[in-house]
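Novice: Can you keep this structure in mind? I'll have questions shortly.
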């Protein structure tokens, strides 16, 4: 095979292996907060913690969050923290104590039971209640609609962390991402969060979102090895001397 042909073939292989491939797309998705998961897609599932499933999706106007198999009347309280701006706080609002966040959060949504929830914003150095205009369904399946206009109309992506703690104490029993601590004992220093670089249409939420603090996409191990081999072949081909053509007799 001629060096030029080998180089062209190797370049095609690199392009095929190193460029991210499209995934199943579900967004935008319009969720009806009615206590049913029938309108959620499979690739909107994020993680499971102690049998409790987290789902996330969005459309042009709302961010949707669902957690199944939990009863907030007896299972404690739910906390959702979002970073959407350059400000915010790395300390949660005081709810029987505080915890440390791995990013600066601007908004917090709290569910205490099936009749009390609230949205807060960190402003002027404190967490304060702020208007909430979304829909909520609290039950065995909890669905929360967060209007983007209620959380600052984010345009540069969102950081998201969710945890659950005891009813009257700050002991965390569950967290999403599940790599975070949940020791059932006192204050926690959370370490990981979901990062959505944007909220576009035509993407799979479970693939579009990455887990921080490392948010740069990387190749798989085998993808990296193959790319290195191809690059090595390209280098060898470029160094191969060309044969001079003998003049015709």
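Novice: What is the spin-label model distance, in nm, from residue 229 to residue 114 if the labels are put 7 Å beyond Cα along the C-beta direction?
Specialist: 5.8 nm
Novice: Continuing with the same structure: So for the pair residue 69, residue 38, with labels modelled 7 Å out along Cα→Cβ, what separation do we get in nm?
Specialist: Going by the 7 Å Cα→Cβ label model, 2.2 nm.
Novice: So, in nm, how far is label residue 168 from label residue 153 when the simple model puts each one 7 Å beyond its Cα toward the Cβ?
Specialist: Roughly 4.5 nm, to one decimal.
Where a number appears in this text, it was derived from the coordinates with a stated rule and is not lab data. Here the structure is a predicted model, which is why all the values come from computation and not from measurement. Here the Cβ is made from the backbone with ideal geometry for all residues, glycine too, and neighbour counts use every protein chain on show.
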